[in-house]
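Derivation of every value follows stated rules applied to the coordinates shown; laboratory data play no part. Being a predicted model, the structure only gives us computed values, none of them experimental. So basically every Cβ, Gly included, is an ideal-geometry build from the backbone, and we count neighbours across all protein chains shown.
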Amino acid sequence: MLAPLEQEKDVKLILDSSNDIASEASTADLESFDLAKLQPKKYNKLGIYFALLSVIATAVGSTAWKWDPNLPTYELLIVRSAVGCLASYILMKQSDSKTSLRRLFTLQNLIVGLLGALSMITFAVSLLSLTMSESTTISATQGIFNGIFGLVFLKEAYPRSERVLGLICFAGMILIIKPPFLFGQGTLLENSVSSETLPTHIAAILCLISVIFWSLMQIIIRGANKKNNGFAVVFQTNLLMGVLCAGYLTIKGEFQPLGADGYFISSFIGVTALILTWALIKALEYEKPSVVGIVSYCGIVFAIMADVIVFHTLPTLTSTAGMVLILGSCLFLVKRAS
């Protein structure tokens, strides 16, 4: 979920500010020009609030997802996608009555929707084998990927200090993932009895892949020349997630009934997913991916609370050490951002 760019090195903001001011100032006034006006703009509060809403919705939805690990994974995702498609389409029509189904299937929407769908599926599967705090800490490394992808695709600055912190976060990731060649054979989460449960290191790698997909989705949304209706992205994400899950179950040849509890939980998760995706899109309208990413670090606090209060579990010592490295890097970045 990226470290903020150094203000004095944010060339893009300086150029934007100078262009705005130059349009108002004449050539004769350049010598008396106030250099303070060239300072980067302050962080947008609406962007921060929307990013925080996305984090809270993520924590609530993840808690609901882990509530009953016996429910079939992909069947839940299909129902959730149906709820998300219906809700996002209704909200989209209310916000823009001229939007048609044909306009939903643009190349940009399809790419963003596919990345979002793959991210949600891999995260949902990995979450069954990880604690909330472990999965959320891994998700917090999204800021690092935002910095890398922002540099590669958007040509945004990625200072050396942030790269060093990225390496520290990577070390923390190793402690959480616990690859077998360093820590021995991976184990299963003790309180999980789901048939979808994976070895911890495999689940952690899946969660990391989910982060990469989600970061790429943010970069594409941020860098798009044409801003589409945010609900169109939510619609495509849910639609493609349902299609991918249905295709997998069709190939597998096995569909399991959900029951009343399954339909309720999947519908509830669909609503929280709609809120978190919409809030993230709104946040990216007001702030850079780097700033949105740094707000997501507070999700670790909500995750630890859910582990202790709801699931009565705590991460292992090695996972805790990895979290300390990642969280320490994040807090350092927050201090610089402030």
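Each residue of the stretch 151-162 is assigned a 3J(HN,Hα), and the resulting list reads 5, 6, 9, 9, 6, 7, 5, 9, x, 4, 4, 6 Hz, derived from the Karplus form 6.51 cos²θ - 1.76 cosθ + 1.60 (θ = phi - 60°), x at Gly and Pro. What the phi angles of the stretch 311-322 give under the Karplus curve with 6.51, -1.76 and 1.60, with θ = phi - 60°, is a coupling list of 9, 6, 10, 10, x, 5, 5, 5, 5, 5, 4, x Hz, glycine and proline written as x. Scoring 301-309, 235-243, 278-286, 133-141 by mean Cβ neighbours within 10 Å over their residues and listing the highest first yields 133-141, 235-243, 278-286, 301-309.
How do 93-103, 119-129, 56-66 rank on mean C-beta neighbours within 10 Å, highest first?
Peptide ranking by packing, descending: 119-129, 56-66, 93-103.
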